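What follows draws every value from the coordinates through simple rules; no lab data is involved. Bear in mind that the values here come from a model prediction, so they are computed numbers and not experimental data. We place every Cβ from the backbone using ideal geometry, glycine too, and count neighbours over all the protein chains shown.
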Amino acid sequence: MRARVVLADTGPLYAAVDPDDQYHARARAELDLLARQEIGVAVAYPTFAEAYTLVLYRLGSRRAVRFGQELLAGAALLNPSLQDYRQALARLGAHADLPMSLFDAVASVLAERLHLEVWTYDEHFRVLGTPLWRPREK
């Protein structure tokens, strides 16, 4: 495994496959940068399911299956624990004014527990104090 890993959120994963997404070019460029810098990508299983479902409903089943296969071949998948879900729900309760999904809250908890930065376009992570990955050329 690579020495450095980022935890991917649904936004960039989906944007990378949908040419009509407003962040498509950015996501593709960031994927290229991650590869060049040999930074691995990890994905929580709930995020994988959320991204797959978005691809399925917006781009169709063939593209969704291809997306799933590509993600399984190129990313490390992480299985959140029961405690991760408990902490995520507590985090959501503490920020009830923030319309944040359980997917994002679980990713935030995983990132904190595993000391990973999150690759996201969602500012909810910043509000929670989650470390964010931002591209930097070497």
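With no solvent and one point on each alpha carbon, what is the Debye value of log10 I(q)/I(0) for region 33-138 at q = 0.13, 0.15, 0.16, 0.19 Å⁻¹?
The calculated log intensity ratios at q = 0.13, 0.15, 0.16, 0.19 Å⁻¹ are -0.53, -0.70, -0.79, -1.06.
Can you give me the angle between helix 24-36 and the longest principal axis of the chain, using Cα atoms only, in degrees from 0 to 90, rounded to the nearest 10?
Compared with the principal axis, the helix lies near 90 degrees.
Find how much the distance from Tyr85 to His24 grows on full extension, using 0.36 nm per residue of separation minus their present alpha carbon separation; answer in nm with one decimal.
19.0 nm is the gain from fully extending Tyr85 to His24.
Run the quick spin-label model on Leu132 and Ala96: label points 7 Å from Cα toward the beta carbon, then report their separation in nm to one decimal.
It works out to 2.7 nm between the two label points.
Once R0 is set to 35 Å, what does the formula 1/(1 + (r/R0)^6) return for the Cβ-Cβ distance between Arg36 and Arg113, expressed as a FRET efficiency to the nearest 0.05?
0.80
Within 10 Å, count the other beta carbons around each residue, average over each peptide in 101-108, 12-19, 88-95, 38-45, and list them highest first.
101-108, 12-19, 38-45, 88-95
In degrees, nearest 10, range 0 to 90: what is the angle between the Cα axis of helix 45-59 and the longest Cα principal axis of the chain?
On a 0 to 90 degree scale, this one is about 50.
For the chain, with only Lys/Arg (+1) and Asp/Glu (-1) charged at the beta-carbon, what is the dipole magnitude about the Cα centre, in debye rounded to 20?
Its charge dipole is roughly 320 debye.
I'd like to know which of Tyr121, Pro99, Ser61 lies farthest towards the positive end of the charge dipole of the chain, counting +1 on Cβ of Lys and Arg and -1 on Cβ of Asp and Glu.
The one lying farthest along the dipole's positive direction is Ser61.
To the nearest 10 degrees, how steep is helix 82-94 against the longest Cα principal axis of the chain, on a 0 to 90 scale?
Roughly 70 degrees between the two axes.
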